[in-house]
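What follows is one structure encoded as structure tokens, with my remarks underneath.
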Amino acid sequence: MGVKLYYTTVTASRTVKSQQAEMMRILDSKSIQYELIDISLGGELRDEMRSKAGDPTAVPPQLFNEDQYCGNYEMFSEAVEADTVEQLLKLA
């Protein structure tokens with residue numbers, strides 16, 4: 001599977017929780033298949049997400065197509081507004 005959503009099940013941040021839920025809802029509504037990767041399962045997954053994103057302070061949610069960085073919540077939200085989600089995810 002191509003699209004990967006790095007997220008966390010362990011966060012005290014309401015913002016992170018709502019951003020993750022919104023991204024999943026939109027991906028589901030567009031019938032875009034994606035793999036969920038829970039970074040709370042180990043620090044190596046968080047480090048992998050940050051390394052792939054090229055940002056040592058990146059926090060979930062983060063989107064990738066295989067190993068290509070596609071964006072964070074803000075970039076995804078802008079793509080939804082512009083109706084360019086498939087382009088952001090490198091599917092078009």
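The values are calculated or read from the model by the stated rules, or taken from the named source; none is laboratory data. Model, not experiment: these values are computed from the prediction. Quick reminder, even Gly has a Cβ in these numbers, built from the backbone with ideal geometry, and neighbours come from all protein chains shown. We work out accessible area using only protein heavy atoms, side chains counted, and drop any ligands, DNA or RNA first. Shrake-Rupley method; radii C 1.70, N 1.55, O 1.52, S 1.80 Å.
Roughly to the nearest percent, how much of the accessible area of the range 2-92 is carbon and sulfur, given a 1.4 Å probe? Intermediate values should be presented prior to the final figure.
On the way: 2420 of 5100 Å².
For the range 2-92, the apolar C and S fraction of the accessible surface comes to 47 percent.
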Taking just the alpha carbons, could you work out the radius of gyration and Dmax for the chain, both in angstroms? 12.2, 35
For SER18, what accessible area in Å² do you get when you roll a 1.4 Å probe over the heavy atoms of the protein chains, rounding to the nearest 10? 70
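Placing +1 at every Lys and Arg Cβ and -1 at every Asp and Glu Cβ, with all other atoms neutral, what dipole size does the chain have around its Cα centre, in debye to the nearest 20? Let's see the in-between values first.
Numbers: 9 positive and 15 negative charges, 46 e Å.
The calculation lands at about 220 debye.
Tally the DSSP beta bridges in the chain and give the antiparallel ones as a percent, rounded to 5. Can you show the working numbers first?
Details: 8 of 12 bridges.
Around 65 percent of the beta bridges assigned by DSSP in the chain are antiparallel ones.
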Mean residue ellipticity (222 nm) of the chain, computed from DSSP H runs ≥ 4 via -39,500 (n - 2.57), nearest 500: -13000 deg cm²/dmol
For the chain, which GluC sites (Glu not before Pro) are in a loop by DSSP, counting at most 14 other Cβ atoms within 10 Å? GLU66
Interchain or sequence-distant (5+) residues whose placed amide H lies within less than 5 Å of the amide H of CYS70 are LEU63, PHE64, ASN65
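Counting only heavy atoms of protein chains, what accessible area per residue, in Å², does the chain have with a probe of 1.4 Å?
Details: 5220 Å² over 92 residues.
Normalised by residue count, the accessible surface of the chain is 57 Å².
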